[in-house]
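Novice: Once you've had a glance at the structure underneath, I'll fire off some questions.
The values are calculated or read from the model by the stated rules, or taken from the named source; none is laboratory data. Here the structure is a predicted model, which is why all the values come from computation and not from measurement. Because the Cβ atoms are built from the backbone with ideal geometry, glycine has one as well, and the counts that use them run over all protein chains shown. Areas reflect the complete protein model, heavy atoms only, side chains present, ligands, DNA and RNA absent. Shrake-Rupley method; radii C 1.70, N 1.55, O 1.52, S 1.80 Å.
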Amino acid sequence: MKNKLVLIIILFASFLQAQDNKPLTLKDAISFALQNKADAKKAKLKVTNSEYQIQEVLSRALPQISANGNITYNPDIQTTFLDAGSFGGQPGSIIKAKLGQTWTSTAGLSLNQAIFDQSVFIGLKAAKSTREFYQINEQLTEDQIIERVANAYYQVYVQRQKLTVIDSTFKNTTKIKTIVKSQFDNGLAKKIDLDRILVKLSNISTQRQQISNAVLLQENALKFYMGMPIETKIIIPQTSFEVTPQALSEKPNTASRNEYLLLKKNEQLLEFQKKSVIAGYYPTLSLSGNYNYIGQGKKLPLGALPSDGVYWSNFSSIGVNLKVPIFTGFGTRAKVRQAENSLQAIKEDLNDTKLALDLDFENAKLQIDNSLVTIKTQKENEQLAQEVMDNTKNNYYQGLASLTDLLDAENSLTEAQNNYTSALLDYKLAEIQLIKSKGELKSLLK
């Protein structure tokens, strides 16, 4: 039994290790972020909250019922003076009477039902638009998450590529150092040549440490944008960074972009807000009713009966209430004009947003074209630098080239490799912007 338990633990540990070593594709990174990033969760909560807002507005159209109760102690009861003639007594004589009892207790129910209230009807329509607003906002939030994760993902890849380049350079320089040291030991090379190689290796080590730190920083940024624990290990596969040129189609329909749709929905909400303010000019009609039970006497009424000197009675009322606004001190008019100004402002935002979205598309197309040219040039330059390096190394071994020529060729190759990697990054970032400008960021999940 003990051996079986040990075997299960080993297999489980192997499974976890396999999970840790699983390459993280861009699709996996985006999917994880959409499920775990706080922004995505909050956007979903806002959609859920909009349902509660609808219920809140709907409640204004339903009956409002409340219960009430109170106990009042009157240490000094109000006294009034009445003409006795009004009660069949001698005219001109005065009757002194106290109004009320020492204790009064009341319990009852009240009801109010809106029959006609324009602001309630407008509020219901606005609440449904609010739900649609937050649904669009959720989509826009997901687009923003996808964009951030994709950018960070490619930044990690580039830094890791640079780390691969510097490791290769260090390996090649170490081989050269071994050869130069052997030559120096045999009197075939000068000490200054060996010192130069050692300085070169020291500089490469420093650069490697800097790039290694940059990799960790970029990885942590990616994990943050994904909502992933920072201590989690990630592996990004090489094949995920291939150049696959995007189709440069005609300018997309700006009206279908979530940024534009969100503003349009906000404009609709402002329209409802204006109508709600205008509803202040309309009369309101409501039905009200109440029923109460009251006990009065010289002692605490609770539980007391007429035999105890406490008397109980009930009273009720039903009414229709009409309120017709006549003059509000120009307050309603001021609110209407404020709403009109807000609508005018958002129309300007719509025009500006349309221009900005069109600009993003044109700039992304231009950047894609430039990046493809740069990638082709840098790839050719990298191949040429590799050929120069190979020839110079061969000539150095045969004594036909100096150490300076060899180190210069190595520096040129490293620079060319890094330039090519940077060109790939520029292309990928431009590709994301082009996909975004076409409103197709969700395609990265396919």
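Novice: Please report, to two decimal places, log10 I(q)/I(0) for segment 354-435 at q = 0.11, 0.21 Å⁻¹ as given by the Debye formula with identical point scatterers on the Cα atoms and no solvent.
Specialist: -0.43, -0.86
Novice: Same structure again: In what order, largest first, do 133, 361, 330 sit by accessible area if the probe radius is 1.4 Å?
Specialist: Values: 133 40, 361 0, 330 115 Å².
Sorted by accessible area, descending: 330, 133, 361.
Novice: Do me a favour and compute the ellipsoid semi-axes for segment 384-429 from its Cα gyration tensor, root of five times each eigenvalue, largest one first, whole Å. Walk me through the numbers before you get to the answer.
Specialist: Values: eigenvalues 160, 14, 4 Å².
They are 28, 8, 4 Å, listed from largest to smallest.
Novice: What whole-number distance in Å separates the alpha-carbon centres of segment 68-99 and segment 379-399?
Specialist: If you average the Cα positions of each part, the centres end up 119 Å apart.
Novice: Select from 34, 47, 69 the residue farthest towards the positive end of the dipole of segment 34-77; place +1 on Cβ of Lys and Arg, -1 on Cβ of Asp and Glu, and compute about the Cα centre.
Specialist: About the Cα centre, the residue reaching furthest to the positive side is 34.
Novice: Further question on the same structure: Take the alpha carbon gyration tensor of segment 307-390, find the square roots of its eigenvalues, order them as a ≥ b ≥ c, and report rounded if a/c is under 1.5; if not, report prolate when a/b exceeds b/c, else oblate.
Specialist: On the way: a/c = 8.56, a/b = 3.01, b/c = 2.84.
Prolate is the answer for segment 307-390, as a/c is 1.5 or above and a/b outweighs b/c.
Novice: Set the Förster radius R0 to 56 Å, insert the Cβ-Cβ distance between residue 84 and residue 334 as r into 1/(1 + (r/R0)^6), and round the FRET efficiency to 0.05.
Specialist: Working: r = 58 Å, r/R0 = 1.03.
The calculated FRET efficiency here is 0.45.
Novice: Oh, and also: Under unit Cβ charges (Lys, Arg +1; Asp, Glu -1), what dipole magnitude, rounded to 20 debye, does segment 293-377 have relative to its Cα centre? Provide the component values of the computation, followed by the final result.
Specialist: Details: 10 positive and 9 negative charges, 145 e Å.
Roughly 700 debye for segment 293-377.
Novice: What translational D, rounded to a whole number of µm²/s, comes out for segment 207-342 from Stokes-Einstein when the hydrodynamic radius is the Kirkwood one over Cα pairs, at 10 °C and 1.306 mPa s? Don't jump to the answer; show the numbers that get you there.
Specialist: Numbers: Rh = 24.8 Å.
Taking Rh from Cα pairs, D becomes 64 µm²/s.
Novice: Hey, another quick one. When the distances between all Cα atoms of segment 39-147 are binned every 5 Å from zero, what whole-number percent does each bin get?
Specialist: 2, 9, 10, 8, 8, 7, 7, 7, 7, 6, 6, 5, 4, 4, 3, 2, 2, 1, 0, 0
Novice: How high is the FRET efficiency between residue 22 and residue 238 when r is their beta carbon distance and R₀ equals 22 Å, given to the nearest 0.05? Before the final figure, lay out the partial values.
Specialist: Working: r = 15 Å, r/R0 = 0.68.
Once the sixth-power term is evaluated, E becomes 0.90.
Novice: What are the semi-axes of the equivalent ellipsoid for the chain, taken as the square roots of 5 times the Cα gyration tensor eigenvalues, largest first, in whole Å?
Specialist: Details: eigenvalues 1404, 190, 74 Å².
Computed over the chain, the values are 84, 31, 19 Å.
Novice: With a point put 7 Å past each Cα toward its Cβ, work out how far residue 411 is from residue 96 in nm, to one decimal.
Specialist: Between residue 411 and residue 96, the label points sit 11.7 nm apart.
Novice: Note the full-extension length gain between residue 76 and residue 182 as 0.36 nm times their separation in residues minus their Cα-Cα distance, in nm to one decimal.
Specialist: Values: separation 106, 0.36 × 106 = 38.16 nm, distance 11.75 nm.
Using 0.36 nm per residue and subtracting the Cα-Cα distance, I get 26.4 nm.
Novice: What accessible area per residue comes out for the chain, rounded to a whole number of Å², with a 1.4 Å probe? Provide the component values of the computation, followed by the final result.
Specialist: Numbers: 26890 Å² over 446 residues.
Per residue, the chain has 60 Å² of solvent-accessible surface.
Novice: Mind putting a number on the dipole of segment 47-139 about its Cα centre? Charges go on the C-beta only, +1 for Lys and Arg and -1 for Asp and Glu, and I need it in Debye to the nearest 20. List each step's numbers first, then the result.
Specialist: Numbers: 6 positive and 7 negative charges, 41 e Å.
Result for segment 47-139 is approximately 200 debye, rounded to the nearest 20.
Novice: How big is the charge dipole of the chain about its Cα centre, in debye rounded to the nearest 20, if each Lys and Arg gets +1 on its Cβ and each Asp and Glu gets -1 on its Cβ? Intermediate results must be reported in sequence, preceding the final value.
Specialist: On the way: 52 positive and 44 negative charges, 261 e Å.
Roughly 1260 debye for the chain.
Novice: Ranked highest first by average number of other Cβ atoms within 10 Å, how do 314-326, 176-188 line up? Kindly include the intermediate steps, with their values, before the conclusion.
Specialist: Numbers: 314-326: 10.0, 176-188: 13.9.
In decreasing order of mean packing, 314-326, 176-188 become 176-188, 314-326.
Novice: With each label point set 7 Å from Cα along the Cα-Cβ vector, what nm distance links residue 55 and residue 326?
Specialist: Output for this residue pair reads 4.2 nm.
Novice: Mind putting together the pair-distance distribution for segment 116-209? All Cα pairs, 10 Å bins, whole percent per bin, short to long.
Specialist: Percent of Cα pairs in each bin: 13, 20, 15, 12, 10, 9, 8, 6, 4, 2, 0.
Novice: Kirkwood hydrodynamic radius (Cα pairs, Å) of segment 295-446? Please list the in-between numbers first.
Specialist: Values: mean 1/r = 0.0407 Å⁻¹.
Evaluated over segment 295-446, this radius sits at 24.6 Å.
Novice: May I pose another question? Give me the percent of the accessible area of the chain that comes from carbon and sulfur atoms, probe 1.4 Å, all protein chains in place.
Specialist: On the way: 14890 of 26890 Å².
The C+S portion of the solvent-accessible surface of the chain is 55 percent.
Novice: Between residue 203 and residue 343, what is the label-to-label distance in nm when each label sits 7 Å out along the Cα-to-Cβ direction?
Specialist: Label-label distance for residue 203 and residue 343, simple model: 6.8 nm.
Novice: For the chain, take the longest principal axis of its alpha carbons; what is the angle in degrees between that and the long axis of helix 2-20, to the nearest 10 within 0 to 90?
Specialist: With rounding to tens, the tilt is 80 degrees.
Novice: Measure nothing fancy, just the Cα-based angle from helix 118-185's long axis to the longest principal axis of the chain, in degrees from 0 to 90, nearest 10.
Specialist: Once rounded, one gets 20 degrees.
Novice: Another question, then. Please give the solvent-accessible surface of residue 380 in Å², to the nearest 10, using a probe radius of 1.4 Å with every protein chain present.
Specialist: 100 Å²
Novice: Which residue, chosen from 326, 377, 350, occupies the Cα position most advanced towards the positive end of the dipole of segment 325-381, where the dipole is computed from +1 (Lys, Arg) and -1 (Asp, Glu) charges on Cβ about the Cα centre?
Specialist: 326
Novice: How would you order 155-164, 381-390 from highest to lowest mean count of nearby Cβ atoms within 10 Å? Before the final figure, lay out each step's value.
Specialist: Numbers: 155-164: 20.2, 381-390: 16.1.
In descending order of packing, they fall as 155-164, 381-390.
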